[in-house]
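Taking it in order: structure first as structure tokens, then the write-up.
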Amino acid sequence: MEDGNASARPRRATGRLCSICNQRKAALKRPKTLEQICRECFYSVFEDEIHSVIVDNNLFRPGERVAVAASGGKDSTVLAYVMSQLNCRHNYGLDLFLLSVDEGITGYRDDSLETVKRNEIEYGLPLKVVSYKDLYGWTMDEIVKTIGLKNNCTFCGVFRRQALDRGAALMEADKIVTGHNADDIAETVLLNILRGDIARLSRCTFITTGEDGPIPRCKPFKYSYEKEIVMYAYFKKLDYFSTECIYSPNAYRGFAREFIKDLERIRPRAILDIIKSGENFRIATSTKMPEQGTCVRCGYISSQKLCKACLLLEGLNRGLPKLGIGRTRGSNGVKKHVEHRNSNTEVSDSNLESKQCGTLNF
Amino acid sequence: MHLTLEFGGGLELLCGSVKTHSVDVKSEPGEHELKMRDLLSWTKSNLIKERPEMFMKGNTVRPGVLVLINDCDWELCGGLDTELEEKDVVVFISTLHGG
Ligand SMILES: [Zn+2]
Ligand SMILES: [Zn+2]
Ligand SMILES: [Zn+2]
């Protein structure tokens, strides 16, 4: 009778040893380096690389209060776990907490918020939840009821961004960290190229953004592959939530994602190469950056009189929900193209920093 | 052949939200051993109830779906050509759902 511990049995071609320690059985192939390594060495290199990224880029200063944007999904769950580990191990001296947004989508957040609440206990990080209802007076369900499914991603993206900033401000955070990974950034680079958006193309590869604003955001996973993040969560049995947002028909981004994954299969380094391309573009660009002002209504950073969220809200509250959707004024003075795909009412969300709502990772 | 198949990262939604499946897969008499490529097509026709394109693309898993055989990355044990053995545990995890 077998003991059911399948991994203990010898297997055909899997006797290979880890190329780092040469002692234990290899458990995965790193997409970045194609090395075959064991679990323990994987944990070390994965965490050490993130630590190096944090140190090399001076992401934090001792004593800072840092909000971990927590959606309950894989990236932010691993981020919360790793940040908590590194903070202790390397004495960053950070005051970390989890920050979650409740969009008010029936049956969606309920489960993912439960996941974040479990993480709060497991990782010993306090949790703050801000709701759309509190911040905007509207839940996502109510918005969709008013505007229909086609344009809701505009709302998702804009409102989610502000919700995080406002939540972070309320909690007196100095910084926000998000779980954007290398795959996400490569995808955003591609989308910005497809749109000819040079200003965003350069910005989207920055590891820290919003340094001129009240609360900068940074991406410690900028060079971490999605495959490794998911493998890490799997091997460590981290508890995360995965589902598709029920309001997520953003197909264009989906195609870009699939393209990246196809490239990765042929040549895993492609993801890092695309990020590199994005970074190099910024040296060449002399596009005038927009002058940043603040929204007259809410004080949020905006190059217009009203910020995007307040404009969208104004439309909702006046019963003109299409206000603020549609042509986005190019903030750099260049008119941006608005994708007209199958339907001429479908508009891409202008802010590629926010993922499609299917990937609620802010 | 008795196998345990697990679906995670959102793939379980394609098979009735059941994560773990205990299955018996027949290898054709006289045929070669059961390989991963055979298991994939068996899984697609027997377990996947909706949107098979989220699971497979062409004759393999969709890019972005991770596969582990007995907790080992299938890229290390031969991918589609891996021969399965009695009581193997095969895990499929989507990286494409949720952040
Ligand atoms: Zn090792
Ligand atoms: Zn959306
Ligand atoms: Zn405003």
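If one computes the Cα centroid of segment A:190-235 and of segment A:110-132, what distance in Å separates the two points?
Cα centroid to Cα centroid, the span is 23 Å.
Roughly speaking, what is the stretch gain from A:Leu34 to A:Arg269, that is 0.36 nm per residue apart minus the C-alpha to C-alpha distance, in nm to one decimal? Before the final figure, lay out the partial values.
Numbers: separation 235, 0.36 × 235 = 84.60 nm, distance 0.93 nm.
Fully extending the segment from A:Leu34 to A:Arg269 adds 83.7 nm.
How charged is the neighbourhood of B:Pro52? Take every other residue with its Cβ under 10 Å from the Cβ of B:Pro52, and add Lys/Arg as +1 and Asp/Glu as -1. Don't skip to the answer; put the middle values down first.
Working: positive: B:Lys44, B:Lys49, B:Arg51, B:Lys57, B:Arg62; negative: B:Glu50, B:Glu53.
Result for the local shell: +3.
Using 0.36 nm times the number of residues separating A:Thr294 and A:Arg89, minus their current alpha carbon distance, what extension gain do you get?
Values: separation 205, 0.36 × 205 = 73.80 nm, distance 3.91 nm.
This chain segment gains 69.9 nm when fully extended.
Taking every Cα atom in segment B:22-95, find the radius of gyration and the maximum pairwise distance Dmax, and write them in Å.
Every Cα atom of segment B:22-95 included, Rg and Dmax give 11.9, 37 Å.
Could you order the peptides B:56-62, A:171-177, B:36-42 from most to least packed, using the average number of other C-beta atoms within 10 Å per residue?
On the way: B:56-62: 15.1, A:171-177: 19.4, B:36-42: 17.9.
Descending packing order for the listed peptides: A:171-177, B:36-42, B:56-62.
Counting only protein heavy atoms, what percent of the accessible surface of chain B is carbon or sulfur at a 1.4 Å probe?
Working: 1900 of 4030 Å².
Carbon plus sulfur share of accessible area: 47 percent.
With point charges of +1 on the Cβ of Lys and Arg and -1 on the Cβ of Asp and Glu, referenced to the Cα centre of segment B:2-94, which listed residue (B:Leu13, B:Ser27, B:Leu3) lies farthest in the positive direction of the dipole?
The one lying farthest along the dipole's positive direction is B:Leu13.
Between the helical axis of B:36-46 and the dominant principal axis of chain B, each derived from Cα atoms, what acute angle in degrees is found, rounded to the nearest 10?
Helix B:36-46 sits roughly 60 degrees off the main axis of chain B.
Return one whole number: the accessible area per residue of chain B in Å², for a 1.4 Å probe. List each step's numbers first, then the result.
Numbers: 4030 Å² over 99 residues.
That works out to 41 Å² for each residue.
Ignoring ligands, DNA and RNA, how much accessible area is buried between chains A and B, both sides summed, with a 1.4 Å probe, to the nearest 100 Å²?
On the way: alone 17380 and 5650 Å², together 19820 Å².
For chain A against chain B, roughly 3200 Å² becomes buried.
Evaluate the charge dipole of segment B:2-94 about its Cα centre and quote only its size in Debye, nearest 20, assuming +1 on the Cβ of each Lys and Arg and -1 on the Cβ of each Asp and Glu.
Values: 10 positive and 17 negative charges, 106 e Å.
That gives segment B:2-94 a dipole magnitude of about 500 debye.
How far apart, in nm, are two points set 7 Å out from the Cα along the Cα-to-Cβ line at A:Ser131 and at B:Val18?
Modelled inter-label distance: 3.7 nm.
Between B:Lys26 and A:Asp262, how high is the FRET efficiency from 1/(1 + (r/R0)^6) when r is the Cβ-Cβ distance and R₀ = 35 Å? Nearest 0.05. Mind dumping the intermediate values first?
Numbers: r = 33 Å, r/R0 = 0.94.
Efficiency computed from Cβ-Cβ geometry: 0.60.
What whole number of Å gives the distance from the Cα centroid of segment B:30-98 to the Cα centroid of segment A:8-81?
Centre-to-centre (Cα) distance: 24 Å.
Counting only other chains, and only Cβ atoms inside 10 Å, what mean value do you get across the residues of B:59-70?
Shielding by partners across B:59-70 averages 4.
How much FRET efficiency would the formula 1/(1 + (r/R0)^6) give for A:Arg24 and A:Thr106, where r is the Cβ-Cβ distance and R0 is 41 Å, rounded to 0.05?
On the way: r = 46 Å, r/R0 = 1.13.
The formula returns an efficiency of 0.35 here.
Extension gain A:Asn58-A:Ser44, at 0.36 nm per residue separation less the Cα-Cα distance, in nm?
Working: separation 14, 0.36 × 14 = 5.04 nm, distance 2.07 nm.
Between A:Asn58 and A:Ser44, full extension yields 3.0 nm more.
What pairs in A:Lys175/A:Lys308; B:Lys19/B:Lys57; A:Lys74/A:Lys236; A:Lys128/A:Lys276; A:Lys117/A:Lys219 have C-alpha atoms more than 24 Å from each other? Walk me through the numbers on the way to the answer.
Working: A:Lys175/A:Lys308 22 Å; B:Lys19/B:Lys57 21 Å; A:Lys74/A:Lys236 12 Å; A:Lys128/A:Lys276 35 Å; A:Lys117/A:Lys219 22 Å.
Going by Cα-Cα distance, A:Lys128/A:Lys276 fall outside the 24 Å limit.
The values are calculated or read from the model by the stated rules, or taken from the named source; none is laboratory data. Keep in mind that what you see is a predicted model, and the values were worked out from it rather than measured. Cβ coordinates were reconstructed from backbone atoms using ideal geometry, including for glycine residues, and neighbour counts include every protein chain displayed. What goes into the accessible areas is simple: the full protein's heavy atoms, side chains included, and nothing from ligands, DNA or RNA. Shrake-Rupley method; radii C 1.70, N 1.55, O 1.52, S 1.80 Å.
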